[in-house]
Amino acid sequence: ENAGLLTAYEKTGYDATEPGRFPDILEKWSVRKLKELGADAVKFLLYYDVDEGEAVNERKQAFIQRLGDECKAEDMPLFLELVSYDASNEDVKGKEYAAVKPHKVIEMTKEFSKPEYGVDVLKLEVPVNQAYVEGFADNADDVVYSKAEAAKYYKEQSDATDLPFIFLSAGVSAEMFQDELKFAHEAGSKFNGVLCGRATWRNSIEPFAGE
């Protein structure tokens, strides 16, 4: 009774029939129907590469504008989950992508903080790959950012939006996610909480799997 129900409105993944990772809504639902069935807010996941070009990104921007208008008409808060990628590099966990990730995350944070999208809460990645931060990397050759550089990116991301924002775990370990949150706080990031899946429950599977 004391918890809100946040309901996803997107199909899992993205449209793989054409380039661009375009999103789509669940066909049998509408914001009105979700509201009538007891949802208190709507969550939508969008894959976004700020450098992919206008032909792709203008379609995505218009899509979110329509979704924002639908939520506004039903007086339903919109949580927008943004996941960055590089259209020219599939390895989002690699060192090469780590070098460009701050730019991509910070710029998409700025874009979808604009009022025309009607977003109420942003659900964001941390702006770096923490596994490549000085002091967190396995060895010196893996370091992409010094601690000072990483802290600057966390602060820049926080300053890039006036909206409440929460961090997603992006599938890292629970320990790494906790390290990221501590680092974000120390860097001056004004994040408003977390909304995470695997980092919370992944380590709980093994004890029950043998039951």
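Here ALA3 meets the list (1) part of a loop (DSSP other than H, G, I, E, B); (2) of a type in the set (Gly, Ala, Ser); (3) under 21 Å from THR109 (Cα atoms) almost entirely, failing just condition (3).
When restricted to residues that are under 16 Å from the mean Cα position of the chain (by Cα), surrounded by fewer than 16 Cβ atoms within 10 Å (Cβ to Cβ) and more than 13 Å from THR161 (Cα to Cα), the range 101-118 contains 1.
Checked against the criterion of being more than 24 Å from THR12 (Cβ to Cβ) and part of a loop (DSSP other than H, G, I, E, B), the range 70-80 has at least one qualifying residue. ASN203 meets each of the listed conditions (1) assigned to a loop (DSSP other than H, G, I, E, B); (2) on the phi < 0 side of the Ramachandran plot apart from (1). Whenever a residue of the range 67-91 is over 16 Å from GLY4 (Cβ atoms) and of a type in the set (Asp, Glu), its partners that are part of a helix (DSSP H, G or I) and modelled with pLDDT of 95 or more, lying with C-beta atoms within less than 8 angstrom and at least six residues away or across chains, give the pairs GLU70/VAL31; ASP86/TYR97; ASP86/VAL100; ASP86/LYS104; ASP91/TYR97. Looking at SER189, SER173, SER158, SER146, just one residue is among the polar types (S, T, N, Q) and either closer than 23 Å to ALA87 by Cβ or in contact with a Phe, Trp or Tyr (Cβ under 6 Å, 6 or more places away or on another chain) (or both), and that residue is SER189.
Residue count for the range 81-96, restricted to those that are over 30 Å from ALA39 (Cα atoms), part of a loop (DSSP other than H, G, I, E, B) and not β-branched (Val, Ile, Thr): 6.
Listed conditions (1) more than 15 Å from the chain's Cα centre (by Cα); (2) in contact (Cβ under 8 Å) with a residue 12 or more places away in the chain are all met by ALA199, apart from (1). Condition test on SER88, is it over 27 Å from SER204 (Cα atoms), modelled with pLDDT of 95 or more and hydroxyl-bearing (Ser, Thr, Tyr)? Spelling it out, it is not the case that SER88 is over 27 Å from SER204 (Cα atoms), modelled with pLDDT of 95 or more and hydroxyl-bearing (Ser, Thr, Tyr). Looking across SER146, SER204, SER189, SER158, one residue alone is under 21 Å from GLY94 (Cα atoms) and small (Gly, Ala, Ser). It is SER146. Within the range 157-200, the set of residues being in a helix (DSSP H, G or I) and of a type in the set (Phe, Trp, Tyr) comprises PHE177, PHE183.
Of the residues making up the range 75-100, just one is hydroxyl-bearing (Ser, Thr, Tyr), buried (at least 17 other Cβ atoms within 10 Å of the Cβ) and more than 14 Å from the chain's Cα centre (by Cα), namely TYR97.
Taking interchain pairs and intrachain pairs at least six residues apart, which have beta carbon atoms under 8 angstrom, with the first residue in the range 97-117 and in contact (Cβ under 8 Å) with a residue 24 or more places away in the chain and outside any helix (DSSP H, G or I) and the second surrounded by fewer than 22 Cβ atoms within 10 Å (Cβ to Cβ) and among the aromatic types (Phe, Trp, Tyr)? Filtered contacts from the range 97-117: no entries. Could you say whether any residue in the range 27-40 is part of a strand (DSSP E or B) and either hydroxyl-bearing (Ser, Thr, Tyr) or touching a strand residue (DSSP E or B) at 6+ places or on another chain (Cβ under 8 Å) (or both)? No.
The values are calculated or read from the model by the stated rules, or taken from the named source; none is laboratory data. Quantities reported herein were computed from a predicted structural model and do not represent experimental measurements. Backbone-built Cβ (ideal geometry, glycine too); neighbour counts: all protein chains shown.
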